[in-house]
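S.K.: Quick one: the structure is below, and I'll ask about it shortly.
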Amino acid sequence: MTVTTREGSSSLPQPDTAPAALAQALVNHSLARVDLPDEPLATIQPNKSWSAFNGRELWAHRELLYFLTLRDLKTRYKQTLIGVVWVVLQPLLMTLIFTVFLGLLVRVPSAGLPYPVFVYSGLLSWMFISGGIIGCGASITGNANLLTKVYFPRVLLPAAYLGTKLVDFFISSVILGILILIYRVVFHYQVVVTWKLAALPFIVGLMTLFTLSIGVLVASLNVKYRDVGVALPVLIQLWMFTSPIVYPPNLVPERWRNLYSLNPIVGLIQGFRGALLGTEIPRLALAVSVIMTIILMACAAFIFRQTEKGFADIV
């Protein structure tokens, strides 16, 4: 069957092609190459000053430092049976072991102090320093999810972890006070409180700056060179036995003592003991600790400034 039309009759209406043409134009526009500028419109980067620590910027993020510290504390003791008891359990158990094997069996001298008090005071400050260095060193790589999402001063991450170690330090210090009280009541040992106690805040502050400096330095290097994080616990363990933590520094031969005092931990540990327990504070060793802390702060600031820009790309 065929269909014919008469001349002059109107043809069938053609579909409106305007919507199809508009849709095709939109597709062509979306597929068109977009010319981007050669340089980024805005770049977030650390200060160009020599120091990596901008006081004004850090002060503006002070609340973030508080919440990061609180987060680390909650994460550490979440779903633990005895909670903060772990803070004091480690130095107490180590004090017990060293007291039995070194204090009772080997008879290591303790500079006129009860050996448990001597060892616990050394372990208290040493665990703050060593734990702070190791934790700060892993703080950047352990927070990769934050680094890649939002900008904030990166130095707040190791500072926040060190804040948690300060909390642990003060909790463990209460146990040291209880230990001294026990020796006073049971064994009638008197701790002489002298003017040296006034130096305690300075020495604790010096320990904090020293730990933060090494922690920031290690954190900067650990982002690119992960071998640093692997080797660090071994080096820390070796450093412990070359420091006067379980033995007094007078066991070192006298001709080697000046060289031994170049270890900055010597001035920090002995200064803490001297300020708290009234023993001698070695001025030379403490001066070395101050100088080393200043040098480490400068090196950490410089290296941190050089490496901070690439943290988000590497982690």
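S.K.: Could you compute the FRET efficiency for Val84 and His61, with r as their C-beta to C-beta distance and R0 at 22 Å, rounded to 0.05? Show your work: numbers first, answer last.
M.R.: Values: r = 27 Å, r/R0 = 1.23.
Working from the Cβ atoms, E equals 0.25.
S.K.: Further question: Note the full-extension length gain between Asn54 and Arg255 as 0.36 nm times their separation in residues minus their Cα-Cα distance, in nm to one decimal. Write down the numbers at each step before the final one.
M.R.: On the way: separation 201, 0.36 × 201 = 72.36 nm, distance 4.42 nm.
Result for the pair: 67.9 nm of gain on full extension.
S.K.: Find how much the distance from Asp227 to His188 grows on full extension, using 0.36 nm per residue of separation minus their present alpha carbon separation; answer in nm with one decimal. The partial results should precede the final answer.
M.R.: Working: separation 39, 0.36 × 39 = 14.04 nm, distance 5.03 nm.
Here the answer is 9.0 nm.
S.K.: Continuing with the same structure: Quick one: grab the alpha carbon gyration tensor of segment 189-289, order the square roots of its eigenvalues as a ≥ b ≥ c, and give me rounded if a/c is under 1.5, else prolate or oblate depending on whether a/b is larger than b/c. Don't skip to the answer; put the middle values down first.
M.R.: Numbers: a/c = 2.44, a/b = 1.64, b/c = 1.49.
Since a/c reaches 1.5 and a/b is larger than b/c, the shape of segment 189-289 is classed as prolate.
S.K.: Just in segment 157-247: which trypsin sites (Lys or Arg not before Pro) are loop by DSSP and have at most 15 other Cβ atoms within 10 Å? Intermediate values should be presented prior to the final figure.
M.R.: On the way: sites: Lys165, Arg184, Lys196, Lys224, Arg226; in loops: Arg226.
Within segment 157-247, the qualifying trypsin sites (Lys or Arg not before Pro) (loop, at most 15 other Cβ atoms within 10 Å) are Arg226.
S.K.: By its C-alpha gyration tensor, with a ≥ b ≥ c as the square roots of the eigenvalues, how is segment 169-209 shaped: rounded for a/c under 1.5, else prolate for a/b larger than b/c, else oblate?
M.R.: Values: a/c = 4.79, a/b = 1.67, b/c = 2.88.
Here segment 169-209 falls in the oblate category.
S.K.: Can you run phi through the Karplus equation (6.51, -1.76, 1.60; θ = phi - 60°) for segment 173-188 and list ³J(HN,Hα) in whole Hz, with x for Gly and Pro?
M.R.: 5, 4, 5, 4, x, 5, 5, 5, 5, 4, 5, 6, 7, 7, 9, 6
S.K.: Do any of Lys224/Lys309; Lys149/Lys224; Lys165/Lys196 go past 22 Å between their Cα atoms, and which?
M.R.: Checking Cα-Cα distances, Lys165/Lys196 exceed 22 Å.
S.K.: Quickly work out the Phe241-to-Thr75 label distance, labels modelled 7 Å from Cα along the C-beta direction, and quote it in nm with one decimal.
M.R.: Result: 3.3 nm between the two label points.
S.K.: Sticking with this one: Would you mind classifying segment 90-214 by shape? Square roots of the alpha carbon gyration tensor eigenvalues, ordered a ≥ b ≥ c; an a/c under 1.5 is rounded, otherwise it is prolate if a/b is larger than b/c and oblate if not. Provide the component values of the computation, followed by the final result.
M.R.: Values: a/c = 3.04, a/b = 2.11, b/c = 1.44.
Cα axes put segment 90-214 in the prolate bin.
S.K.: Out of the chymotrypsin sites (Phe, Trp or Tyr not before Pro) in segment 155-224, which ones are loop residues according to DSSP with at most 10 other C-beta atoms within 10 Å?
M.R.: Working: sites: Tyr161, Phe169, Phe170, Tyr183, Phe187, Tyr189, Trp195, Phe202, Phe210; in loops: Phe187, Tyr189.
Sites meeting the loop and neighbour criteria: Phe187.
Every number here is computed from the coordinates shown, using simple stated rules; none is lab data. Quick caveat, the model's predicted, so the values are computed rather than measured. Note that we place each Cβ from the backbone using ideal geometry, even for glycine, and neighbour counts take in every protein chain shown.
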